[in-house]
Amino acid sequence: MFGSATASYQVEGAWNEGGRTPSIWDDFCRTHHRTKVVCANVADAFYHRYRDNVKLMVDTGLQSSRFSVSWSRAMNWNPETKRMQLNPQGLAFYHALVDELIANNIVPILTLYHWDLPLELHTELSL
């Protein structure tokens, strides 16, 4: 199977949209701004351009697409319950992405975790 792979933090952008909260990488970028670190606030704008990207996948002849979920987009920390809760906007994005891939005969392959931990979860649980 011929395919492509992406990591959510590196391609999605939209760092403060769709209910996404900061991740450990957002914090790293903010605290290491004096180094040559490039933050992914915009990245490849995949969050807004995923349909165009799927068209490019089709044009290239890709049969699969492996992508990761940004847990900072899919879930949010609830300080009252001290638990993560689903973010409907974030889940809607990933649902739409999977639907678009399937509609174009591209097999979606999900990476559950690619080092994109929600900052509040990290902080609250002292991970």
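The values are calculated or read from the model by the stated rules, or taken from the named source; none is laboratory data. What you see is a predicted model, and the numbers here were worked out from it, not measured in a lab. A quick note on method: Cβ atoms are made from the backbone with ideal geometry, for glycine too, and the neighbour counts reach across all protein chains shown.
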Open item on the list: Testing Ser4 on (1) over 16 Å from Leu119 (Cα atoms); (2) of a type in the set (Ser, Thr, Tyr); (3) at pLDDT below 95, one condition comes back false. Which one is that?
Closed with: (3)
Open item on the list: Residue pairs, Cβ under 7 Å, 6 or more apart or interchain, first in the stretch 95-118 and β-branched (Val, Ile, Thr), second assigned to a loop (DSSP other than H, G, I, E, B). List them.
Closed with: Ile106/Leu62; Ile106/Gln63; Val107/Met1; Val107/Gln63
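What number of residues within the stretch 67-87 are under 12 Å from the mean Cα position of the chain (by Cα) and touching a residue at least 24 places away in the same chain (Cβ under 8 Å)? Explain how you work it out, then say what you get.
Residues of the stretch 67-87 under 12 Å from the mean Cα position of the chain (by Cα): 67-75.
If we keep only those that are touching a residue at least 24 places away in the same chain (Cβ under 8 Å) too, we end up with 67-73, 75.
Qualifying residue count, the stretch 67-87: 8.
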- [ ] Would you check which residues across the stretch 71-106 are of a type in the set (Ser, Thr, Tyr) and out of contact with any strand residue (DSSP E or B) (no Cβ under 7 Å at 6 or more places or on another chain) and list them?
- [x] Thr81, Tyr94
TODO: Report those strands (runs of 3 or more DSSP E) wholly inside the stretch 23-127 carrying at least 2 residues which are exposed (fewer than 12 other Cβ atoms within 10 Å of the Cβ).
DONE: 83-86
Open item on the list: Just to check your reading of the model, which residue among Ser72, Ser65 is on the phi < 0 side of the Ramachandran plot and touching a helix residue (DSSP H, G or I) at 6+ places or on another chain (Cβ under 6 Å)?
Closed with: Ser65
